[in-house]
Amino acid sequence: MQLTAVPIRGVEAFFDLDQLIAETETYGLVKALKGALARSTESLHAAFIDKTDIRTLVYGRAWVIDQLLRYAWKQYEWPAESYLSLIAVGGYGRGELHPHSDVDILILTDELDAKEFEASISAFLTLLWDINLDIGSSVRTIEECYNEARNDITIATNLIESRTLVGDDQLRQRMYEQVTSEEAWSDAEFFKAKLKEQTERHQRTNNTEYNLEPNIKNSPGGLRDLQTIGWVAKRHFGATYIKDLVKHGFLTEEELEILNRGEMYLWRARYALHMKSKRKEDRLLFDHQRTLAPFFGYEDEEGALAVEQFMSQYYRVAQRMSAFNDMLLQYFDEVILRADIEQDIRQINSRFIVRDNYLAAAYPTVFEHNPFALMELFVIMAHNTDIKGVRASTIRLIRNHRHLIDDDFRNDLRNTSLFMELLRSPERVSTELKRMNRYGILGRYLPEFGKIVGQMQHDLFHIYTVDAHTLKVIQMMRQFRHRDHRDIFPIAHRVVNNIPKIELLYVAGLYHDIAKGRGGDHSELGAVDVIDFCERHHLGKWDTQLVAWLVKSHLYMSMTAQRKDLSDPEVINEFARRMGDVTHLDYLYVLTVADINATNNELWNSWRASLLRQLYTETRRALRRGLENPIDREERIEQTQQEAIAALERKGIDIQRSQALWARLGDDYFLREDGRNIARHTQAILEHGNQPLPLIIMNQHTYRAYEGATEIFIYTANSPNLFGATVAALDQLHLSVQDARIIVTDNGYTLNTYTVLTEDNQPLADNPDYMQSIQNYLLEQLDDPDDYTEIIQRRVPRQLKLFPMKTSASLSTDPGLHQTVLEIFTADRPGLLARIGNIFSQFGISVHKAKIANVAERVEDFFYITDTNNQPLTDPDYCNRLTDSICKELDQHMH
């Protein structure tokens with residue numbers, strides 16, 4: 001038998017037909033085919049490591065599989081080749097296979113009853129499975145192909161990419177003519193279906209090129225986007241290759257070269273991913289990223305890990321491929337869907353027209369003669385919401401004239417004025433900034449922004465590249481204005497609609513992370529950059545100082561809310577002094593909420609919302625009161641007690657008994673709780689009396705419940721193991737502790753309040769039976785805290801295992817509280833707080849307060865603790881043993 005035609009020079013070295021024939025006689029068919037496949041794969045991999053052209057390998061593997069299938073086919077009895085053919089379809093039909101790509105085949109018949117050869121078909125397919133090929137197979141007549149293709153765009157696409165392996169090619173050609181006929185799918189229907197398919201695929205991958213673990217094949221800017229262009233071109237123009245679009249006038253030679261380089265890069269990455277993972281894996285998971293980075297020659301550098309450099313290159317390629325996909329699909333839309341529609345044209349000005357609701361350059365040399373039009377275009381788009389997009393020919397003109405953006409352009413008053421006009425636009429600000437980024441304009445106009453395009457941080461906290469996150473921050477700021485976000489972000493909605501100069505907020509958003517990856521404090525460096533921006537854009541001195549302060553302080557509010565005790569008036573007073581006035585507070589609050597929501601979808605939860613809401617509200621009240629007249633602890637306590645007394649009197653509760661109880665509680669309780677909570681607790685404790693079982697109250701009705709957190713109040717006899725037993729029990733209930741407040745009374749009781757969410761940081765269901773079941777379980781577990789609940793052994797998620805940050809634990813004494821502050825920084829994992837509680841029990845530690853901050857894969861927990869005598873920890877040896885034990889236990893659990 002003969003080998004099929006060689007598609008590209010050099011692939012013959014990957015397959016030896018004579019050796020296969022000889023080994024079939026010696027070892028049998030299955031073993032011989034397995035050996036041939038293994039040798040070919042090994043040769044292809046060796047060639048890949050030696051940096052052989054990736055096209056030789058991808059086409060070469062398809063060619064090797066051709067030889068194996070033809071050889072296997074010849075081992076069985078078949079009818080005349082004019083009645084039955086073996087057809088390669090899909091990616092294999094294109095002649096492209098990666099190491100673990102599916103091998104899709106069609107056994108095509110011409111009205112012949114396939115059952116007559118069912119035994120041969122079954123034996124053939126079984127053989128392919130036996131040699132471990134990932135086969136996708138179907139057996140159909142031409143009519144069945146037509147019917148299936150007409151009902152399913154995926155099948156239609158697969159059959160369009162077909163070639164004959166064995167049999168008369170006229171059979172395949174007849175099938176091809178039917179499935180590509182207007183009766184099956186018209187050009188317009190096919191294009192719309194592929195566009196819809198791409199949109200749905202992008203939505204499944206967050207509609208961004210910048211996913212933390214992107215899919216090389218299916219994410220925006222991935223291989224499937226390039227294949228979509230090819231499918232539409234093949235269907236409409238009869239193009240065999242994307243390069244054929246050059247002669248049809250849809251691509252220039254330069255653009256084709258960029259597309260080819262991008263495709264080759266994605267092919268190399270996908271080939272390496274299959275080779276290293278030893279399976280069909282198209283997701284660049286964290287562990288694969290770490291493996292591929294050194295494989296492609298990247299090394300850790302100061303300010304940039306090897307894996308970050310590797311992924312930055314991937315993101316830049318994906319962004320370019322996505323931009324080409326946008327442009328070419330827009331071209332196809334114009335020639336396929338709108339070719340026969342009478343065009344509606346209106347003049348915007350001498351430089352731009354609108355053609356069928358798409359903005360277009362009025363003449364080909366518009367940017368050459370008027371470089372400022374490169375900026376004007378986006379302002380026009382923002383001011384005219386009826387314009388759907390930019391025509392493909394104009395996108396090409398933009399790309400071809402980006403070189404005009406130089407220092408003279410950046411300092412031209414027309415351009416700086418246009419950019420500020422864009423930021424002040426009532427609509428489409430974030431949309432047009434994203435468009436500027438996609439067309440490569442934003443990074444050229446703001447070179448400091450260009451440095452962060454595609455820049456990623458290898459952790460679970462930052463799920464987007466720095467540029468994607470930055471633009472998402474501005475998108476969030478825009479969304480806060482809308483009524484449909486009022487319930488989710490009530491304060492941000494009110495504040496952002498009353499901010500005097502909204503454009504200053506957007507400038508701060510653009511620059512808050514602009515200095516990431518440079519080394520040093522990115523907030524300080526970013527503040528320097530934004531001052532330069534403000535001066536170049538002729539902003540006033542006060543405006544410049546505000547924006548620089550926002551960039552420099554953009555982390556301060558979230559850190560204060562998560563790490564400090566917001567019930568302490570001095571914390572609020574200090575924060576208010578840092579703000580200076582309500583205007584600075586308003587701007588920083590909106591920037592903070594937008595930053596958190598645009599960093600990671602899972603960071604914003606009801607408890608974090610409540611902390612920021614409390615900090616904002618308390619600080620605003622302090623600023624209104626005046627910095628010269630700060631909040632006083634005693635005044636705050638007296639006011640809270642009066643509110644509680646008023647509530648108790650309405651319920652007929654004895655005030656003298658209540659005040660006798662309060663005398664045993666200390667000041668902290670009245671600083672941490674509001675009047676309604678204190679009244680509720682007081683009534684319940686007085687009614688509970690001296691019963692031995694703990695008193696447990698489930699409460700979702702405090703001001704914090706506006707954002708959905710649930711408070712569990714526990715009143716019981718004090719015990720050194722109480723905190724550990726409680727958090728272990730809550731862990732078994734799959735509840736996540738966000739905050740803990742522990743008050744020890746003079747008569748040996750504790751008032752403990754735990755703020756909890758579900759395990760996935762969602763509010764608890766408002767279901768009385770569910771709440772009662774939690775209450776019952778806690779009663780059962782806490783009737784004897786010394787009978788410590790066994791910690792659940794749960795699997796540490798894959799992603800968390802990949803970021804096993806080393807635990808650090810440090811102790812310091814708070815002289816004002818006469819307590820020791822324990823700071824623990826460690827990797828998050830199921831049951832973490834229960835493990836810490838267990839260690840506290842072993843060391844006889846009493847917990848008075850806990851601030852729990854989960855930030856993606858990291859945990860930053862603060863515990864205010866004393867020893868068994870209610871004294872700060874002072875023994876150096878004891879302190880060292882405690883911190884060593886914490887680090888050893890928590891690090892050991894991650895392995």
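With charges only on Cβ, +1 for K and R and -1 for D and E, what is the dipole size of the chain about its Cα centre, in debye, rounded to 20? It would help to have the intermediate numbers written out before the result.
Working: 101 positive and 131 negative charges, 342 e Å.
Dipole of the chain, to the nearest 20 debye: 1640 debye.
Write down the percent of antiparallel bridges among all DSSP beta bridges whose residues are both part of the chain, to the nearest 5.
Counting only bridges with both partners in the chain, antiparallel ones make up about 90 percent.
Quote the relative contact order of the chain in percent (integer), defining contacts as alpha-carbon pairs under 8 Å separated by 6+ residues. Let's see the in-between values first.
Numbers: 1338 pairs, mean separation 55.6, N = 895.
Across the chain, relative contact order equals 6 percent.
More than 17 Å apart: what percent of Cα pairs in segment 369-496 qualify?
Summing the P(r) of segment 369-496 above 17 Å gives 63 percent of all pairs.
Over all pairs of distinct alpha carbons, what does the Kirkwood formula give as the hydrodynamic radius of segment 564-712, in Å?
About 17.3 Å for segment 564-712.
Can you give me the P(r) profile for the chain? Cα pairs, bins 20 angstrom wide beginning at 0, each as a whole percent.
Calculated P(r), rounded to whole percents: 12, 35, 31, 19, 3, 0.
For segment 12-71 and segment 606-638, compute the distance between their C-alpha centroids and round to whole Å.
If you average the Cα positions of each part, the centres end up 73 Å apart.
In units of 2.2 N^0.38 Å, what is the alpha-carbon radius of gyration of segment 1-111? Don't jump to the answer; show the numbers that get you there.
Values: Rg = 14.5 Å, N = 111, 2.2 N^0.38 = 13.2 Å.
Rounded to two decimals, the normalised Rg is 1.10.
If each Cα of segment 307-455 is one equal point scatterer, what is log10 of I(q)/I(0) from the Debye formula at q = 0.18 Å⁻¹?
Rounded to two decimals, the profile gives -1.14.
If I take all pairs of Cα atoms in segment 475-602, what percentage of them are more than 19 Å from each other?
51
Leaving out ligands, DNA and RNA, what percent of the accessible area of the chain is carbon and sulfur, probe 1.4 Å? Show your work: numbers first, answer last.
Details: 17280 of 37840 Å².
Summing carbon and sulfur atoms, their accessible area is 46 percent of the total for the chain.
Rounded to the nearest 10 Å², what accessible area does Val756 have for a 1.4 Å probe in the complete protein model?
Counting only protein heavy atoms, the figure is 0 Å².
Jot down the radius of gyration and Dmax of segment 297-375, Cα atoms only, both in angstrom.
Answer for segment 297-375, Rg first and Dmax second: 19.7, 58 Å.
Using Cα positions and a limit of under 23 Å, work out the lysines in reach of Lys115, with same-chain residues fewer than 8 apart set aside.
Partners found: Lys74.
What do you get when you divide the Cα radius of gyration of segment 165-243 by 2.2 N^0.38 Å, with N the number of residues?
Ratio of Cα Rg to 2.2 N^0.38 Å: 1.34.
Kindly provide the trypsin sites (Lys or Arg not before Pro) of segment 58-132 that DSSP labels as loop, not H, G, I, E or B, and whose Cβ sees at most 16 other Cβ atoms within 10 Å.
In loop regions of segment 58-132 (DSSP not H, G, I, E or B), the sparsely surrounded trypsin sites (Lys or Arg not before Pro) are Lys74.
What are the membrane-span-like helices in the chain by this rule: whole DSSP H runs, Cα extent along the axis at least 20 Å, mean Kyte-Doolittle hydropathy at least 0.0?
Details: long enough: 29-49 (30 Å, 0.67); 54-73 (28 Å, 0.32); 187-204 (26 Å, -1.81); 223-237 (21 Å, -0.28); 253-277 (36 Å, -0.77); 306-332 (39 Å, -0.13); 466-480 (21 Å, 0.15); 522-536 (21 Å, 0.06); 582-599 (25 Å, 0.76); 606-625 (28 Å, -1.02); 633-650 (26 Å, -1.33); 768-782 (21 Å, -0.55); 876-893 (26 Å, -1.11).
Span-like helices in the chain: 29-49, 54-73, 466-480, 522-536, 582-599.
Given H placed 1.01 Å from N in the peptide plane, which residues other than close sequence neighbours of Val166 have an amide H under 5 Å from its amide H?
Sorted by chain and number, the residues that satisfy this are Leu86.
Roughly speaking, what % of Cα-Cα pairs in segment 99-250 are separated by over 18 Å, rounded to a whole number?
Percent of Cα pairs beyond 18 Å in segment 99-250: 66.
Name the lysines eligible as straight-distance cross-link partners of Lys851: C-alpha to C-alpha under 19 Å, and not fewer than 8 places from it in the same chain.
The reachable lysines, counting only those whose Cα sits under 19 Å from Lys851, are Lys564.
Under a cut-off of 23 Å between alpha-carbon atoms, report the lysines in cross-link reach of Lys243, not counting same-chain residues fewer than 8 places apart.
Excluding near neighbours in sequence, the set is Lys192, Lys194, Lys217, Lys234.
The values are calculated or read from the model by the stated rules, or taken from the named source; none is laboratory data. Every value quoted in this text rests on a predicted model; they were computed, and no experiment measured them. With ideal geometry, Cβ positions are generated from the backbone for all residues, glycine too; neighbour counts draw on all protein chains shown. In case anyone asks, the SASA skips ligands and DNA or RNA and just uses the protein heavy atoms, side chains included. Shrake-Rupley method; radii C 1.70, N 1.55, O 1.52, S 1.80 Å.
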